[in-house]
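Notes to accompany the following structure.
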Amino acid sequence: MLSPARIMQRCDELARHSELAGGLTRVFLSPQHRAAADLVLDWMREAGMSARLDDIGNAVGRYEGEREGLPCLMIGSHLDTVRDAGRYDGMLGVVTAIECVAALGRRMPFAIEVVGFGDEEGVRFGTTMLGSRAIAGVLDPAVLDAKDAQGISIRQALSDFGLNPAGVPNVARRKRDVLAYVELHIEQGPVLEAEGLPVGVVTAINGFSRLKVAMHGLAGHAGTVPMNLRRDALAAAAEGVLAVERVAGTDGELVGTVGRIEAKPGAINVIPGEVHFTIDFRAPRDELRAQAVRASIGEVESIARRRNIRCEIEVLQELGMAPCAPRLMLQLERAVEAEGLPVRRLPSGAGHDGMALKSIADIAMLFVRCKGGISHNPAEAISVDDAGAGARTLLRFVEAFEA
């Protein structure tokens, strides 16, 4: 029998595995990631699944169907977090999926695989959805050479974690082995709360582009270099940040963010000679997003030329808009209606692992209301009643799933 209280309790237990005292930060391939994954693997086994870590660090549980080896319905979310995170983003989807398998009580004409993806946020290495891209078979092996702030590569971190980097290509699944992918996730927005609804059916996941900008000027003494002779990389970057904001404001469906900036040498009495910052654009239409990327690059390069600054811009990662499959949306809507709830369709402005998995399977998502629409924040919160509504809806979907 489903236990919403247990779902909430397990989210609390996972939140204890954090490198941040008094808060939650759990990055990919960290000791805290290992502890959380081991806990999830134990819960998977308690629910009747075989469970293991694959070679990219995903926690994978498999519940066989009426006979072994059947194609699977894949359900999951991620176990890593942003820095100073909330306790439901990602974890709620993994814990709820395990709870649904435990409550199923019978074998289905398909297998069920629950996946706790090791890296969706991309905090440690700056490249997102490593786990889901590996399963989808679209992870470029060169990505494993990316390094964290301490100079440790993904390849080395996998080895240190006890995994085999050479086995990463073997994580990939064949299309015929995955019937569909469905994910339960907090909304991370205010729509459901504003309309008094506990759950919503996602129509599509917005695409995103992530860029890295380096501005190279000339460091100098803050007291001796006249203003008209300065090549201040931070002043140029500040203009660039405002240019990104201006470009993002040209269309109501477009958002743009500069989430990280670093100035060197970083002294109060030195003109910054080098600055690095990131750009993140998201939109429900790929061409709109591509236009924004082109416009922002043009703006930043123009600013650099005018200020005699050398500028380097690198596209870190791009993923196109991912539509949810109408047939799966319809099945989720039937499950919502069976719970006696109104059906609300809405898009996802945040990225999710389904963006990678769409290359091997149709995808669907169920949103659960969160307080104030707040996410990526310690104030992230849901109610036990909403956790129950989400779990019951997901279980109904699984029990009636049609491939």
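The values are calculated or read from the model by the stated rules, or taken from the named source; none is laboratory data. These numbers were taken from a predicted model, which means no experiment stands behind them. Every residue, glycine as well, gets a Cβ built from its backbone with ideal geometry; the counts of neighbours run over all protein chains shown. Calculation scope for accessible area: heavy atoms of the full protein, side chains included, ligands and nucleic acids excluded. Shrake-Rupley method; radii C 1.70, N 1.55, O 1.52, S 1.80 Å.
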Practice problem: Only Cα pairs under 8 Å and at least 6 apart count here; give the relative contact order of region 26-164 as a rounded whole percent. | Solution: 27 percent
Quiz item: Got a sec? Charge dipole of the chain, +1 on Cβ for Lys and Arg, -1 for Asp and Glu; which of 7, 243, 128 is way out at the positive end?
Solution: 243
Exercise. Quick one: which residues, 5 or more positions from residue 324 or on another chain, have an amide H under 5 Å from its amide H? H modelled 1.01 Å from N in the peptide plane, none for Pro or chain starts.
Key: 204, 205
Self-check item: Rounded to whole Hz, the Karplus (6.51, -1.76, 1.60) HN-Hα couplings of region 326-332, x for glycine and proline
Solution: x, 5, 6, 4, 4, 5, 5
Quiz item: Can you list the residues, at least 5 places off or on another chain, whose amide H is less than 5 Å from the amide H of residue 129, using H built in the peptide plane?
Solution: 120, 121, 122
Self-check item: Restraint check, 212/371; 212/264; 147/264, Cα-Cα greater than 26 Å
Solution: 212/371
Quiz item: Each residue of region 51-64 in order: what ³J(HN,Hα) in whole Hz does its phi give by Karplus 6.51 cos²θ - 1.76 cosθ + 1.60, θ = phi - 60°, with x for Gly and Pro?
Solution: 9, 7, 8, 7, 7, 9, x, 7, 8, 10, x, 10, 10, 5
Practice problem: Take each of the peptides 328-337, 261-270, average the number of other beta-carbon atoms within 10 Å over its residues, and list them starting from the highest. | Solution: 328-337, 261-270
Practice problem: Take residue 337, project a point 7 Å from its Cα along the Cβ direction, then tell me which residues of region 378-401 have their backbone nitrogen under 19 Å from it. | Solution: 390, 392-401
Quiz item: Could the peptides 358-366, 395-403 be put in order, highest first, of the mean number of other beta-carbon atoms found within 10 Å of their residues?
Solution: 358-366, 395-403
Exercise. Report ³J(HN,Hα) in whole Hz for each residue of region 18-34, in order, from the Karplus equation J = 6.51 cos²θ - 1.76 cosθ + 1.60 where θ = phi - 60°; Gly and Pro get x.
Key: 9, 7, 9, 5, x, x, 10, 9, 9, 9, 4, 6, 8, x, 5, 4, 4
Self-check item: Whole-percent carbon and sulfur share, accessible surface of region 49-89, 1.4 Å
Solution: 39 percent
Quiz item: Of the labelled options (i) 49; (ii) 53; (iii) 45, which one gives percent of Cα pairs over 28 Å apart as computed for this structure?
Solution: (i)
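Over the chain, what is the relative contact order in percent, taking alpha-carbon pairs closer than 8 angstrom and at least six residues apart?
Details: 911 pairs, mean separation 88.2, N = 403.
Contact order relative to length: 22 percent.
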Self-check item: Per-pair calculated FRET efficiency, R0 = 22 Å: residue 66 and residue 400 via Cβ, rounded to 0.05
Solution: 0.85
Quiz item: Taking only C-alpha pairs under 8 Å that are 6+ residues apart, what is the relative contact order of region 124-180 in percent?
Solution: 36 percent
Exercise. Based on the mean of other Cβ atoms within 10 Å per residue, sort peptides 306-319, 40-53, 81-94 so the most packed one is first.
Key: 81-94, 40-53, 306-319
Self-check item: Heavy-atom surface of region 310-403, accessible at 1.4 Å and reported per residue (Å²)
Solution: 41 Å²
Quiz item: So, with +1 on the Cβ of K and R and -1 on the Cβ of D and E, and no other charges, what is the size of the charge dipole of the chain about its Cα centre, to the nearest 20 debye?
Solution: 580 debye
Quiz item: Binning every alpha carbon pair distance of region 312-391 at 5 Å from zero, what are the percents per bin?
Solution: 3, 11, 18, 20, 19, 16, 7, 3, 2, 1, 0
Quiz item: What is the gain in length, in nm to one decimal, between residue 327 and residue 160 on full extension, counting 0.36 nm per residue of separation less the C-alpha to C-alpha distance?
Solution: 55.9 nm
Quiz item: If the cut-off is 30 Å between C-alpha atoms, which lysines fall inside it for residue 175, apart from same-chain ones fewer than 8 positions away?
Solution: 358
Quiz prompt | region 207-360, dipole about Cα centre (Lys/Arg Cβ +1, Asp/Glu Cβ -1), debye to the nearest 20 | solution = 260 debye
Quiz item: So what's the angle, to the nearest 10 degrees on a 0 to 90 scale, between helix 384-399 and the longest Cα principal axis of the chain?
Solution: 60 degrees
Exercise. Show that you can apply the helix-only estimate: for the chain, add -39,500 (n - 2.57) for every DSSP H stretch of four or more residues, divide by all residues, and state [θ] at 222 nm to the nearest 500.
Key: -10000 deg cm²/dmol
Practice problem: Determine the dipole magnitude for region 100-173: charges of +1 sit on the beta-carbon of Lys and Arg, -1 on that of Asp and Glu, nothing else is charged, the reference point is the Cα centre, and the result goes in debye to the nearest 20. | Solution: 340 debye
Quiz item: Residue separation times 0.36 nm, minus the C-alpha to C-alpha distance between residue 286 and residue 260: what's the value?
Solution: 7.0 nm
Exercise. Please give, to one decimal in nm, the separation of the simple spin-label points placed at residue 224 and residue 376, each 7 Å out from Cα toward the Cβ.
Key: 4.2 nm
Exercise. Would you mind calculating the gained length between residue 191 and residue 306 on full extension (0.36 nm times residue separation, minus the Cα-Cα distance), in nm to one decimal?
Key: 37.1 nm
